[in-house]
Amino acid sequence: MTPASKAPPVDDAVLPTPALFRRMACWTYEGMLLFGVTFISGYLFSTLSQSRHGLANRLGLQIFVALVLAIYFTWFWHKGQTLAMKTWRIKVLDRHGLALSQTLALKRFLLSWMWFAPPLALAWFIDLPVMTTLAAACIWVLLWAGASRFAPRGQFWHDVWAGTQLVHEPMAD
């Protein structure tokens, strides 16, 4: 157990949900940071597997990058924040206001694929062109973010399903 998880639960009224704009700005910044994480992991995989072509070992690369992302998010969410979340003063906690266990962080990671899985599955199933897939993904992200207006306390639906919550962390005095 981490020291934060030993603290008594905090009343929900003390933990305000960050505004949708703040959460989406954090989401965008996280995406920019993940470019570096995926680039380094792709480079590491290609070097270690001695791939000489971009499509060589494609499935292995996809699995490796997915594993790296799972470790990245599970580790940082277990600690409470990623760098982007720290910058935007957002923290992820369980529904009782305690730090996430690694199992709960992994559950949140798997459920957070709802941001991309539906349009990607649709694109694969009906063989959509790349630009149409990109447009479908952008529309889905906007719909998914907007759907948080109908979720309890304005949380994203994958947080509701995972039993987690994003909270606004006030500035330190």
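For MET171, MET131, MET85, which order do you get if you count the other beta carbons within 10 Å of each Cβ and list the fewest first?
Working: MET171 5, MET131 8, MET85 22.
With the fewest neighbours first, MET171, MET131, MET85 line up as MET171, MET131, MET85.
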Whole-Hz ³J(HN,Hα) for each residue in the stretch 123-128, computed from phi via Karplus 6.51 cos²θ - 1.76 cosθ + 1.60 with θ = phi - 60°, x for glycine and proline: what do you get?
4, 5, 5, 9, 6, 6
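From the mean inverse distance of alpha carbon pairs (Kirkwood) and the Cα radius of gyration, derive Rg over Rh for the stretch 69-128. Present the calculation step by step, with values, prior to reporting the outcome.
Numbers: Rg = 14.1 Å, Rh = 12.7 Å.
Over the Cα atoms of the stretch 69-128, Rg/Rh equals 1.11.
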The stretch 53-153: chymotrypsin sites (Phe, Trp or Tyr not before Pro) in DSSP coil with no more than 15 other Cβ atoms inside 10 Å
PHE116
Mind checking the log10 I(q)/I(0) for the chain at q = 0.11, 0.12, 0.16 Å⁻¹? Debye, one equal scatterer per Cα, no solvent, two decimals.
-0.54, -0.63, -1.05
Two decimals is fine: what's Rg over Rh for the stretch 93-136, C-alpha atoms, Kirkwood radius as Rh?
1.25
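What value, in deg cm²/dmol to 500, does the helix sum -39500 (n - 2.57) over DSSP H runs of n ≥ 4 give at 222 nm once divided by the residues of the chain?
Numbers: 7 runs with 100 residues, N = 173.
That calculation yields -18500 deg cm²/dmol at 222 nm.
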With a Förster radius of 22 Å, plug the Cβ-Cβ distance of THR103 and LEU67 into 1/(1 + (r/R0)^6) and report the FRET value to the nearest 0.05.
0.85
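Here, each number is a calculation from the coordinates, and none is a lab measurement. Note that this is a predicted model, so its numbers are computed, not measured. Quick reminder, even Gly has a Cβ in these numbers, built from the backbone with ideal geometry, and neighbours come from all protein chains shown.
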